[in-house]
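Undergrad: Below you'll find the structure I mean.
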Amino acid sequence: MSINKDEALKKYFGYDSFRPQQAEIIDMVMAEQDCLVLMPTGGGKSVCFQIPAVLKEGLTVVISPLIALMKDQVEALRGNGIDAAFLNSTLSSAEQDQVMWRAKLGTLKLLYIAPERLFSGNTVDFLKEWNVGLFAIDEAHCISSWGHDFRPEYRQLSGLKLRFPKVPVIALTATADRVTRRDILKQLGIEQAETFVASFDRPNLSLNVLPGRKRLQQIQNFISKHEGQPGIIYCLSRKGTETVAASLQKAGFRAEFYHAGLEAGKRSRVQEQFLKDDIQVIVATIAFGMGIDKSNVRWVIHYNLPSNVESFYQEIGRAGRDGSPADTVLFYSYMDIITRQDMINNSEQSADQKELLHAKLNRMKQYAEADICRRRILLSYFNEAVDHDCGNCDVCRNPRTRFDATVIAQKALSGIARTEQKVAMGMLIDILRGSRNRNILQLGYDRLPTFGVGHDLRGEEWAEYISQLLNSGVMDIAYDEAHSFKLNAASRQVLKGERKVELVKFIPVAERKAREEEMAPKEKPKQEIIRDALFERLRTLRKQIADSLGVPPYVVFSDATLSEMAQKKPVSEAQMKAISGIATEKYRRFGETFINEIVSFARENTKPGTRVVQGLTYIETLDLYKAGYSVKVIGEKRNLNPVTIISHLVKLKEDGHPIDLRALIDDHSYQKIIKAAGEMSIRKNDPIKPLFEILNEEFDYGQIKLALAIWEEENQGSL
Ligand code: ADP
Ligand code: ZN
């Protein structure tokens with residue numbers, strides 16, 4: 001019996017509807033067309049080849065550079081009842097033989113393989129025999145030297161189309177730029193392919209930029225507010241990751257660092273522990289991430305400014321892949337820009353290349369300094385038109401105001417002039433605020449006319465405004481002279497009063513937070529608190545199951561699925577299967593365990609007369625029924641009418657519980673009711689009063705309902 005793509009989505013993945021473009025892409029693949037799919041990380045690329053794989057004849061070969069990831073991907077597919085396997089160097093030769101055997105038998109639907117493996121030995125010859133129905137090329141940008149992650153071994157894929165001219169190819173990537181895109185098509189020899197570009201918007205990611213002061217302290221506050229939620233902190237240097245991790249450990253957080261300098265064994269251990277939710281926080285260089293498919297990363301912090309928007313977007317994209325809300329934070333100060341500029345200037349790159357890198361860095365700076373919706377800036381970077389503010393970035397939540405800051409600018413600039421353009425940020429702020437520290441006194445700066453003219457502003461305000469002055473070109477900075485500030489033509493105009501300066505009003509972090517909290521509901525409603533507690537219970541259960549199976553928790557259920565479960569509290573098979581992400585196989589393996597947990601939670605939290613869980617009443621009836629009590633006794637125990645108990649049992653039967661309805665009514669009564677019902681053409685869901693009357697009130701409503709339900713059940717399909 002063949003199923004269509006919507007049924008496959010529900011059956012194998014537990015989802016009710018496709019995300020934008022997925023359905024079109026699947027149709028195209030099913031029509032044997034080559035295609036190129038561009039979707040952001042977490043956009044839902046996998047489904048685009050996994051559904052064709054289960055619907056199509058033959059084997060789908062998935063080429064992926066990420067060996068470490070294959071195991072989890074295959075595990076997840078199997079967990080959903082799809083036969084999948086991988087072939088790579090981590091398998092013993094006996095294991096490899098077994099995979100080849102399954103492929104040959106034709107039972108295997110998906111085979112994951114690394115590109116170097118594809119063209120080694122006689123793999124290609126085997127593939128020829130195995131009836132390959134589709135090639136899926138994941139991370140397809142790796143084939144292009146224009147992309148940001150060129151891998152020479154991917155180049156071999158150029159020969160694929162020649163060797164398998166009849167097999168359709170679907171190439172997938174999260175890298176959007178046009179040059180790379182065109183190159184992928186050319187390299188793969190699929191120039192005629194249909195290209196699908198999905199929106200790069202990830203509305204579930206909140207975007208935030210925080211001033212780069214007291215970063216460690218801010219991070220600790222942040223993590224405390226995200227208790228138990230896994231997250232990644234990206235740092236520029238290896239040393240940085242170690243320091244930050246050490247300070248978090250000291251503060252009692254389960255944090256570890258990760259960088260390319262770590263010994264390989266240690267690296268994979270840390271990664272594994274993070275995947276399994278045993279470590280909450282990973283502090284890493286950008287070496288971490290590729291090859292991480294953890295869908296329940298709930299936040300990403302950039303301790304330092306990334307070098308370009310693509311990298312930034314890819315890194316924050318690792319948060320919230322399951323579609324549940326996730327937070328991103330970028331720390332930013334003008335020093336970050338300087339560091340990055342120095343790195344470019346001191347690199348071995350050609351002059352052209354350096355110019356390009358500076359231009360890219362500049363776009364990153366625009367994001368960090370934005371005083372309009374940050375998502376607009378990101379999406380416009382990816383050439384996407386946006387017609388509204390997102391409401392989920394710090395600028396949207398704290399709209400910026402501009403004010404005439406000419407006097408502030410003049411104070412700062414004159415401070416620079418009076419010190420013969422020799423001071424850098426810290427010293428300038430001290431002069432403006434009139435701090436009598438040793439350096440100031442030694443240099444005699446306390447005798448300057450500008451000393452203390454800016455005491456009305458706090459240090460952090462000055463830092464912010466001076467950064468803005470730099471950014472707007474009203475003054476310069478000399479990196480090669482200990483970052484001292486310099487005046488330029490614009491500065492002189494401002495000093496002479498010939499030019500006005502506008503700045504964006506500084507909002508102290510505390511105030512921003514206060515405002516955000518004001519916008520959030522003051523106290524959680526009671527319902528919510530119970531739900532959170534239930535979520536934690538379900539999360540613990542998920543972890544136990546995952547550990548016993550040796551898989552990461554998100555392979556059991558995603559955070560999104562778990563949170564919907566905590567919200568809707570399903571207690572029957574039908575209710576459980578209606579939750580997004582509960583596929584048939586998933587239900588079979590874990591459904592009852594989770595239902596039991598929800599039921600026992602609900603019992604512990606139910607006060608007499610309240611109803612926390614819809615359907616709990618059925619479960620109580622079910623338990624008594626299973627314990628062997630009769631309808632009458634169940635009714636007495638529960639203080640409910642037997643008719644109600646019968647209706648519970650009928651409903652439970654419909655939900656798939658093993659209830660022997662026939663045993664609840666004697667055959668003579670059953671026949672009599674059914675005969676009358678047949679004569680009157682009354683069916684299960686019709687009003688039964690006429691039946692009750694025609695039978696001279698010999699049977700009660702419960703018995704009539706029961707008989708109709710049994711009849712319906714036994715005669716299904718014969719109608
Ligand atoms: P990508 O490979 O593009 O980074 P994935 O294929 O891993 O993204 O999908 C990201 C998440 O979205 C996964 O948890 C996946 O199960 C989920 N997902 C994919 N398609 C749908 C859909 N139609 N409805 C709900 N969730 C989906
Ligand atoms: Zn916004």
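Undergrad: Spot the failing condition for Ile337; the list is (1) on the phi < 0 side of the Ramachandran plot; (2) touching a residue at least 60 places away in the same chain (Cβ under 8 Å); (3) crowded, with 21+ Cβ neighbours inside 10 Å, and only one is missed.
TA: (2)
Undergrad: In addition: Residues that are surrounded by 19 or more Cβ atoms within 10 Å (Cβ to Cβ) and within 10 Å of ligand 1 (Cβ to nearest atom), at least 3 per element: which helices (runs of 4 or more DSSP H) completely within segment 1-74 meet that?
TA: Here the list reads 46-55.
Undergrad: So if I check each of Ala385, Ala370, which one is within 16 Å of ligand 2 (Cβ to nearest atom), assigned to a loop (DSSP other than H, G, I, E, B) and open to solvent by less than 40 Å² (accessible area, probe 1.4 Å)?
TA: Ala370
Undergrad: Just the residues that are on the phi < 0 side of the Ramachandran plot, in a loop (DSSP other than H, G, I, E, B) and open to solvent by less than 100 Å² (accessible area, probe 1.4 Å), please, taken from segment 699-719.
TA: Matches in segment 699-719: Phe699, Asp700, Asn715, Ser718.
Undergrad: Can you give me the number of residues within segment 630-662 that are modelled with pLDDT of 85 or more, touching a helix residue (DSSP H, G or I) at 6+ places or on another chain (Cβ under 7 Å), open to solvent by 50 Å² or more (accessible area, probe 1.4 Å) and not in a helix (DSSP H, G or I)?
TA: Here the count works out to 1.
Undergrad: Looking only at segment 454-504, how many residues end up being assigned to a helix (DSSP H, G or I), open to solvent by 70 Å² or more (accessible area, probe 1.4 Å) and in contact with an Asp or Glu (Cβ under 9 Å, 6 or more places away or on another chain)?
TA: Number of matching residues: 2.
Undergrad: Any residue at all in segment 162-170 that is within 16 Å of ligand 1 (Cβ to nearest atom) and open to solvent by 10 Å² or more (accessible area, probe 1.4 Å)?
TA: No - not one qualifying residue is present in segment 162-170.
Undergrad: Under 6 Å between Cβ atoms, at least 6 apart or on separate chains: pull out the pairs that start in segment 569-580 with a residue that is under 18 Å from Phe535 (Cβ atoms) and end on any residue that is assigned to a loop (DSSP other than H, G, I, E, B) and open to solvent by 60 Å² or more (accessible area, probe 1.4 Å).
TA: That search, which allows pairs on different chains as well, returns Ser580/Tyr15.
Undergrad: If the Cβ limit is 9 Å and pairs must be 6+ apart or interchain, which residue in segment 362-380 that is closer than 11 Å to Tyr313 by Cβ pairs with which residue that is within 8 Å of ligand 2 (Cβ to nearest atom) and basic (Lys, Arg)?
TA: Qualifying pairs under 9 Å: Tyr367/Arg374.
Undergrad: Considering segment 388-417 alone, what residues qualify as being near ligand 2 (Cβ under 9 Å from one of its atoms), of a type in the set (D, E, K, R) and touching a residue at least 60 places away in the same chain (Cβ under 8 Å)?
TA: Asp394, Arg397
Undergrad: Residue by residue through segment 123-181, note down the ones that are of a type in the set (D, E, K, R) and outside any helix (DSSP H, G or I).
TA: Asp138, Glu139, Asp149, Arg151, Lys166, Asp177
Undergrad: Checking Asn439 against (1) within 16 Å of ligand 2 (Cβ to nearest atom); (2) out of contact with any strand residue (DSSP E or B) (no Cβ under 6 Å at 6 or more places or on another chain); (3) open to solvent by 40 Å² or more (accessible area, probe 1.4 Å): exactly one of these is not met. Which one?
TA: All conditions pass for Asn439, except number (1).
Undergrad: Return a yes/no flag: does segment 540-551 have any residue that is on the phi > 0 side of the Ramachandran plot and at pLDDT 80 or above.
TA: Yes, that holds for at least one residue.
Undergrad: Related question: Taking segment 128-181, which residues are under 21 Å from Phe196 (Cα atoms) and among the β-branched types (Val, Ile, Thr)?
TA: Listed by number, the residues that qualify are Ile137, Ile143, Val167, Val169, Ile170, Thr173, Thr175, Val179, Thr180.
Undergrad: If you check Ser268 against the conditions, is it open to solvent by 20 Å² or more (accessible area, probe 1.4 Å), within 21 Å of the chain's Cα centre (by Cα) and among the hydroxyl-bearing types (Ser, Thr, Tyr)?
TA: no
Undergrad: If you don't mind, there's one more thing I want to ask. Would you mention how many residues in segment 337-357 are under 24 Å from Thr175 (Cα atoms), in a helix (DSSP H, G or I) and at pLDDT below 90?
TA: 6
The values are calculated or read from the model by the stated rules, or taken from the named source; none is laboratory data. Here the structure is a predicted model, which is why all the values come from computation and not from measurement. Positions of Cβ are generated from backbone atoms using ideal geometry, with glycine treated the same way; all protein chains shown enter the neighbour counts. We work out accessible area using only protein heavy atoms, side chains counted, and drop any ligands, DNA or RNA first. Shrake-Rupley method; radii C 1.70, N 1.55, O 1.52, S 1.80 Å.
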